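Since the structure comes first, as structure tokens, the remarks are kept for the end.
The values are calculated or read from the model by the stated rules, or taken from the named source; none is laboratory data. Because the structure is a prediction, the values reported are computed rather than measured. Every residue, glycine among them, receives a Cβ derived from its backbone with ideal geometry; neighbour counts consider all protein chains shown. For the accessible areas, the whole protein counts, side chains as well, though only heavy atoms, and no ligand, DNA or RNA atoms are used. Shrake-Rupley method; radii C 1.70, N 1.55, O 1.52, S 1.80 Å.
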Amino acid sequence: MLDAPDEQGKLATVRIQVDPRGPADTLEEELGEAARVLRQGGTVAFPTETVYGLGGNALDRRAVARIFVAKGRPQDNPLIVHIAEMEALETIASSVSPEARRLADRFWPGPLTLILPKSDIIPNEVTAGLESVAVRMPSHPVACALIRAAGVPVAAPSANMSGRPSPTAADHVWRDMAGRIDVLVDGGLTDIGVESTVLDMTCRPPVILRPGGVALEAIRELIPETRILTGADDVDATPRSPGLRHKHYSPSSELWLVVGEWESQVREIEKRAQAEARRGRRVGLLVSAETAAELRALLALESDVPENKSLKRNIVAAEVGSRGNLSEVASALFDGMRRLDEANVGIIFAESYDTAGVGLAIMNRLTMAAGGRVVRV
Ligand code: TXA
Ligand code: MG
């Protein structure tokens, strides 16, 4: 199945569909070909509980190099190694502290990535030359079955083109990666929708480099001193960890993040959207169901008043679920960004959320997508 690229360097990407709810042994069987491609050094995109990943054999430097090429990813941004059994941890990390072990026992399989000292079997290409390695055990049945069937640890960044929002649906991956990878395993929508929490265990106390699917509060229940990297929870700071140096999670159009009390946010978004749309600009709204409802009334988008025609035509809303349910917002966020891009909007206004629980990851992604364009009301 591992086909050679054509004259233009394009691969014939094979898309296979599996049902994540099927029995584990059936899944492993269905994923046999994809697993073989991984073992042979190919690239396979697959769903995890957070976002889709683009996998390659973590022990094969040529496979790892292919991941970087497919994504257009800068070489200095290290990858996460995915495992399916606890025993694999010992072979990937040169030492595992009792604290790291407790975190793994509590949160694996699940959306927590641990940064640990790297063992010699992990090529420098995976870790971008660092002495540490990122490891996680995903909980998604398709990810687990694929890694098991492959029988090797799987290095996998998110399966988007570098700089694009992470993919939460197989179609997102297809749009970014068709012709650039060997296989896409379509296992439906991912569950959490934002990436794993990246926790650096090589320092004391541990530091969260990227907030994600496991909440800061949950980690602090085990290790109360856990710190968070400056910038990862602050809309004003410039991100500083390895991956966060690079432009990330952005839709192509400029995104403005509106911060403040909710009612004031709604009024500000209304005012700015109206002004931009009246000037003939296409405006995207990345908003909760509650905000969308308010704005529909305020902007009279549902009325047939002729003077609202241009407003109606120029304003596109991507709803991302209820403000009262941040898990909903997390799972719809990246799809919302992609939908607005496809609607060819020139400017996006996004509302902000509480930073409790998964809200911290949501605000981190929105802040990075805004790249400093923050409106305080
Ligand atoms: O949920 C996820 O984490 C998804 C799924 C596919 O597992 N993966 C993902 O990978 O988001 P990626 O490559 O998009 O993000 C990995 C992050 C980057 O910010 C990278 O810089 C950081 O982890 N990272 C990887 N290895 C590291 C290391 N040794 N030290 C510090 N940061 C590291
Ligand atoms: Mg990524």
Exercise for the section: Ratio to report: Rg/Rh of the chain, with Cα atoms as the point set and Rh obtained by the Kirkwood method; give two decimals. Expected result: 0.99
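When only Cα pairs under 8 Å and 6 or more residues apart are kept, what is the percent relative contact order across segment 14-228?
Working: 495 pairs, mean separation 66.6, N = 215.
Averaging sequence separation for qualifying contacts and normalising by length gives 31 percent for segment 14-228.
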Completion exercise
Result for segment 254-376: accessible area per residue, probe 1.4 angstrom, in square angstrom, of 41
Exercise for the section: Tally the DSSP beta bridges in segment 69-207 and give the antiparallel ones as a percent, rounded to 5. Expected result: 55
Practice task
Give the angle, between 0 and 90 degrees and rounded to the nearest 10, that separates the Cα long axis of helix 141-150 from the longest principal axis of the Cα atoms of the chain.
Solution key: 30
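Share of antiparallel DSSP beta bridges in the chain, in percent to the nearest 5? Mind dumping the intermediate values first?
Values: 17 of 49 bridges.
Antiparallel bridges make up about 35 percent of those DSSP assigns within the chain.
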Problem - Built amide H within the under 5 Å cut-off of Val316, gap 5+ - result: Val283, Gly284, Leu285
Exercise for the section: May I ask you to evaluate 6.51 cos²θ - 1.76 cosθ + 1.60, the Karplus curve with θ = phi - 60°, for each residue of segment 125-140 and list the ³J(HN,Hα) values in order in whole Hz, giving x for glycine and proline? Expected result: 4, 5, 9, 6, x, 6, 7, 10, 9, 8, 10, 8, 10, x, 9, 5
Practice task
Starting from the coordinates of the alpha-carbon atoms of segment 1-158, obtain the Kirkwood hydrodynamic radius over all distinct pairs and give the value in Å to one decimal.
Solution key: 15.8
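Normalised radius of gyration for segment 254-376, please: alpha carbon Rg relative to 2.2 N^0.38 Å, two decimal places. Present the calculation step by step, with values, prior to reporting the outcome.
Details: Rg = 13.5 Å, N = 123, 2.2 N^0.38 = 13.7 Å.
Computed over Cα atoms of segment 254-376, the ratio equals 0.99.
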Exercise for the section: Rounded to the nearest 500, what is the 222 nm mean residue ellipticity of the chain from helices alone, with -39500 (n - 2.57) per DSSP H run of 4+ residues and division by all residues? Expected result: -10000 deg cm²/dmol
Completion exercise
Measuring from the longest principal axis of the C-alpha atoms of the chain, the long axis of helix 61-71 (C-alpha) lies at a number of degrees, nearest 10, equal to 10
Practice task
Quick one: what are the phi-derived ³J(HN,Hα) couplings along segment 312-319, Karplus 6.51/-1.76/1.60 with θ = phi - 60°, whole Hz, x for glycine and proline?
Solution key: 4, 5, 9, 10, 10, 10, 10, 7
Practice task
May I ask you to derive the relative contact order of the chain, considering only C-alpha pairs under 8 Å and at least 6 residues apart, and to give it as an integer percent?
Solution key: 19
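Per 0.36 nm of contour for each residue apart, how much would the distance between Arg373 and Leu130 grow if the chain were fully extended, relative to their Cα-Cα spacing? Spell out each step's value before the answer.
On the way: separation 243, 0.36 × 243 = 87.48 nm, distance 3.20 nm.
Separation in residues times 0.36 nm, less the Cα-Cα distance, equals 84.3 nm.
Using a 10 angstrom Cβ neighbour count of at most 15 plus a DSSP loop assignment to flag exposed GluC sites (Glu not before Pro), which longest range of the chain is free of such sites?
Values: sites that count: Glu7, Glu85, Glu131, Glu225, Glu261, Glu302.
Result for the longest clean stretch: 132-224.
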Completion exercise
Counting only residues 5 or more apart in sequence or on a different chain, those whose built amide H sits under 5 Å from that of Ala159 are Tyr52, Gly53, Leu54
Exercise for the section: Quick one: which residues, 5 or more positions from Gly213 or on another chain, have an amide H under 5 Å from its amide H? H modelled 1.01 Å from N in the peptide plane, none for Pro or chain starts. Expected result: Ser196, Thr197
Problem - Positive-end residue, the chain charge dipole about Cα centroid, Cβ charges, pick of Ala159, Ala289, Val69 - result: Val69
Practice task
Could you work out how far helix 359-370 tilts from the main Cα principal axis of the chain, as a 0 to 90 degree angle to the nearest 10?
Solution key: 70
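What number of lysine-lysine pairs in the chain show an alpha-carbon separation below 23 angstrom, given a sequence spacing of 8 or more or placement on distinct chains?
On the way: Lys10/Lys71; Lys71/Lys247; Lys271/Lys309; Lys271/Lys312.
Count of close lysine pairs: 4.
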Handout entry: Heavy-atom accessible area per residue - segment 14-228, 1.4 Å, Å²
Key = 37
Completion exercise
Check: C-alpha center segment 74-118 vs C-alpha center segment 340-371, spacing in Å is 29
Completion exercise
Whole-Hz Karplus couplings 3J(HN,Hα) for segment 8-14, θ = phi - 60° and coefficients 6.51, -1.76, 1.60, Gly and Pro as x, run 7, x, 8, 9, 8, 4, 9
